[in-house]
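Working notes, beginning with the structure itself.
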Amino acid sequence: MTINAIVHTIDSRHRLIQFQSGPMQNLQYALIDSEKKEMVAFDPAWSIAPILDVAAEWGVSITQIWVTHGHYDHVNQLNNLVNALQKTPLITLHATPLFVPESPNIRAVTEGTQIEFGTLKWQILHTPGHSPDSVCFYTPQHLICGDLLFVNACGRSDLPGSNPNEMKKSLERISQLPADTIIYPGHDYGPTLTDTIQNQLETNPHLAGAHYRTARIKSTH
């Protein structure tokens, strides 16, 4: 590929493309359905060029945009991407008063919503703390987690709209996912670009601590 991207295989039909952009080491993603020749772009920020490059090189159309949360460094190119496409994509997000895109084609999701792309089914996990509208997109063994969790770190909870207590609860919840789940974070702030929940329970103090607290609660009931 012409951009510095990593291709992760979801299954025989679907690929998740990971690449970095912008001054804050954002990790962006494109979910490809090779059969229908369609693509989901995640959190378009800083430049739409690499997003369009991915679509061109895979020969697919960008039909959807999924947003993990509405912070500027994750959505500052959303309008530009929508305007660059021939058809208005479906924008999926957990809408809050802090961020509502100006688009006629918005799908506002809530906790537990299940969305389909290709033959995959993704579950919406509402994971507030870093921001009130933060969500993760989960399909078995794969978690696109935005700024909730980084490799060996987690998102800030001292920003406007953040909530440290909600952050702890969200991390506790994520710590209970299957150990072989691969996390795909929103920034390249760690020693690797992805990792498993199992490894993070061993090396990430935020996730390990959350898991320990949850285990103690369960053991007392």
**OP:** Sequence neighbours fewer than 8 away in the same chain don't count; with that in mind, list the lysines whose C-alpha is under 21 Å from Lys121.
**Re:** Lys36, Lys37
**OP:** Normalising by the residue count of the chain, find the relative contact order in percent from Cα pairs under 8 Å and 6+ residues apart.
**Re:** 13 percent
Original post:
Quick one: of the DSSP bridges fully inside the chain, what percent are antiparallel, nearest 5?
Top reply: 70 percent
Original post:
Quick one: net charge of Thr9's neighbours, Cβ under 14 Å, K/R +1, D/E -1?
Top reply: 0
**OP:** Post the alpha-carbon centroid distance, the stretch 30-65 to the stretch 96-153, in whole angstrom.
**Re:** 18 Å
**OP:** Please identify, among Ala55, Ala179, Ala41, the residue showing maximal mean-square fluctuation in a Gaussian network model of the chain using a 10 angstrom Cα cutoff.
**Re:** Ala179
**OP:** Can you give me the span-like helices of the chain, meaning DSSP H runs with 20 Å or more of Cα extent along the axis and Kyte-Doolittle mean at or above -1.0?
**Re:** 205-219
**OP:** Would you work out the charge dipole size for the chain about its Cα centre, treating the Cβ of every Lys and Arg as +1 and the Cβ of every Asp and Glu as -1, and quote it to the nearest 20 debye?
**Re:** 460 debye
Original post:
Quick one: of the DSSP bridges fully inside the stretch 101-221, what percent are antiparallel, nearest 5?
Top reply: 80 percent
**OP:** Could you work out how far apart the two model spin labels at Asn105 and Lys37 are, taking each label as a point 7 Å from the Cα in the direction of the beta carbon, and quote it in nm?
**Re:** 1.7 nm
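Report the gain in length on full extension from Gln86 to Asp73: 0.36 nm times residue separation, minus Cα-Cα distance, nm rounded to one decimal.
That pair, Gln86 and Asp73, stretches by 2.2 nm at full extension.
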**OP:** Run through the DSSP bridge list for the stretch 77-171 and note the antiparallel percent, rounded to the nearest 5.
**Re:** 80 percent
**OP:** Report the residue, chosen from Gln141, Gln64, Gln18, that carries the largest GNM mean-square fluctuation when the chain is represented by alpha-carbon nodes joined by springs under 10 Å.
**Re:** Gln141
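Checking the a/c ratio against 1.5 first, then a/b against b/c, what shape does the Cα gyration tensor give for the chain?
Working: a/c = 1.71, a/b = 1.48, b/c = 1.16.
Prolate, because a/c is 1.5 or more and a/b exceeds b/c.
Every read-out reported here was derived from the displayed coordinates using simple, explicitly stated rules and does not represent laboratory data. Worth saying up front: this structure is predicted, and the values here are computed from it rather than measured. A quick note on method: Cβ atoms are made from the backbone with ideal geometry, for glycine too, and the neighbour counts reach across all protein chains shown.
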